[in-house]
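S.K.: A single structure is presented below for examination.
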Amino acid sequence: MPRAAGKRKIMNREALIRTAEEIFVPGKGVIAADESAPTCQARFDAVGLPYTEENRRAYRELLFTADGLEQYISAVILYDETIRQRSTSGVPFAKVLAEKGIVPGIKVDLGAKELALHPGEKITEGLDGLRERFVEYKAMGARFAKWRAVVAIGPNIPSPACLRANAHALARYSALCQEVDIVPILEPEVLMDGDHEIERSFEATTLLLKEVFKELADQGVLIDGAVLKTNMVIAGKDASSQSSPEEVAEATLKCLRAIVPDTVPGVLFLSGGQGDEQATANLNAIEKRGPFPWPLTFSYSRAIQNPVLKIWAQNPSGNVALAQQVLLFRSRMNALAAAGKYSEDMEQQRPY
Ligand code: 5MM
């Protein structure tokens, strides 16, 4: 019998749970390769690489075809341009990843814009037309999606209006994902920019996550089919006292344990501008304090890719293999940290 006009199916709970299980494989993590055009340009500019479509494609090919990447990486987040690109031999990147057993996903937000009447605060846009965009992304092989909300710390911010608006958008995006059996990764990020102490990061992250889970409940989002990607609780980059891994682990877990429902299938951490080794050491310190109600692992962009891009930029035609070794090394260090088995002396083996 045809469904009533305008009536949509709710969701396939099993399919969502299966995808989440493939993302959270013990001892593996996620690479965020979803840098939007402006972010990618800033990263290329920083290492002196011409910002051309072919360079962006070649760089992503280097990442996705690294031999053995699947030992450490369960999923990769792609950007709109990237999911449409192909390897030199003509295989779409989502297929290149899927053939290695790596789950491909897609960033679907359209970026953080100024929040009206709230100077210094942002709201992420991209809900209009998202239902239609999902049809295309699904056909291209995306099995999960990602949406990032950005929250700054400063005098009198974050405001309740900013927290609520961003949490609401995250929940509406999640509902649209689940309607088509795509697992939403929700990324509410409290920024490390500034000189605030770790306590302010704790406060802001707590308020933001509370608001997010409230909105998810209001929108009827299935919590066991929605993944949280969050910042670690950490002092601002310019704070006079920088947080140790032990402090980060304690504050981050105190916050997550108080707010994140046990039924969430897993929590990913972003690196947020931490140094490469700092992000690995902090993850390791967190994991050592397990067990937790949910698996926890990494979903880093900069903390994995920074040294890879730097080496490749020095000689794009000659350094592909070396850059891939660097990628595999940082992925392995983070995979070890995801199991709480990393130690600083392992860094001596690094190929760069
Ligand atoms: C915060 O950024 C996310 C994680 O990356 P880091 O580990 O470097 O913090 C990442 O997925 C992010 O969303 C993209 O790299 C940048 O996205 P935009 O849309 O800002 O280019």
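The values are calculated or read from the model by the stated rules, or taken from the named source; none is laboratory data. This structure is a prediction, so every number in the text was calculated from the model and none was measured. As a convention, Cβ positions derive from the backbone with ideal geometry for all residues, glycine included, and neighbour counts pool all protein chains shown. We work out accessible area using only protein heavy atoms, side chains counted, and drop any ligands, DNA or RNA first. Shrake-Rupley method; radii C 1.70, N 1.55, O 1.52, S 1.80 Å.
S.K.: Being without any contact (Cβ under 8 Å) to a residue 40 or more places away in the chain, in a loop (DSSP other than H, G, I, E, B) and open to solvent by less than 80 Å² (accessible area, probe 1.4 Å): is that true of Gly120 here?
M.R.: yes
S.K.: Now a separate question. Considering only the range 228-249, state which residues are crowded, with 16+ Cβ neighbours inside 10 Å and over 20 Å from Ala337 (Cα atoms).
M.R.: Across the range 228-249, the qualifying residues are Ala235, Gly236, Ala239.
S.K.: Based on what the data block shows, is Asp262 modelled with pLDDT of 95 or more, of a type in the set (D, E, K, R) and more than 16 Å from the ligand (Cβ to nearest atom)?
M.R.: yes
S.K.: Another question, if that's okay. Considering only residues of the range 108-117 that are assigned to a loop (DSSP other than H, G, I, E, B) and open to solvent by 50 Å² or more (accessible area, probe 1.4 Å), which is farthest from the ligand (Cβ to nearest atom)?
M.R.: Leu117
S.K.: Sticking with this one: Quick test of your reading of the structure: Lys237 fulfils all but one of (1) within 28 Å of Pro104 (Cα to Cα); (2) within 16 Å of the ligand (Cβ to nearest atom). Name the failing condition by number.
M.R.: Every listed condition holds for Lys237 apart from (1).
S.K.: Could you identify the single residue in Leu270, Leu283 that is within 16 Å of the ligand (Cβ to nearest atom), under 23 Å from Glu199 (Cα atoms) and in contact with an Asp or Glu (Cβ under 9 Å, 6 or more places away or on another chain)?
M.R.: Only one candidate qualifies: Leu270.
S.K.: Those residues that are buried (at least 17 other Cβ atoms within 10 Å of the Cβ) and either in contact with a Phe, Trp or Tyr (Cβ under 6 Å, 6 or more places away or on another chain) or on the phi > 0 side of the Ramachandran plot (or both), I need them from the range 83-107; list them, please.
M.R.: If the condition is that a residue be buried (at least 17 other Cβ atoms within 10 Å of the Cβ) and either in contact with a Phe, Trp or Tyr (Cβ under 6 Å, 6 or more places away or on another chain) or on the phi > 0 side of the Ramachandran plot (or both), then Gln85, Phe93, Val96, Leu97, Gly105, Ile106, Lys107 are the ones that fit.
S.K.: Quick one: is Phe292 more than 14 Å from the ligand (Cβ to nearest atom), modelled with pLDDT of 95 or more and of a type in the set (A, V, I, L, M, F, W, C)?
M.R.: Taking the combined requirement at face value, the residue satisfies it.
S.K.: Shifting gears a bit: I need the full set of residues from the range 28-46 which are within 9 Å of the ligand (Cβ to nearest atom), open to solvent by 10 Å² or more (accessible area, probe 1.4 Å) and touching a Ser or Thr at 6+ places or on another chain (Cβ under 7 Å), in order please.
M.R.: Selection gives Glu35 alone.
S.K.: Still on this structure, I have one more. In the set Arg143, Arg148, which member is buried (at least 17 other Cβ atoms within 10 Å of the Cβ), touching a residue at least 24 places away in the same chain (Cβ under 8 Å) and either among the β-branched types (Val, Ile, Thr) or away from the ligand (no atom under 16 Å from the Cβ) (or both)?
M.R.: The conditions single out Arg143.
A quick yes/no check of all residues on (1) of a type in the set (Val, Ile, Thr); (2) free of Cβ contacts under 8 Å to residues at least 60 places away in the same chain:
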{"position": "Glu61", "(1), (2)": "no, yes"}
{"position": "Ala66", "(1), (2)": "no, no"}
{"position": "Glu70", "(1), (2)": "no, yes"}
{"position": "Ile77", "(1), (2)": "yes, no"}
{"position": "Pro92", "(1), (2)": "no, yes"}
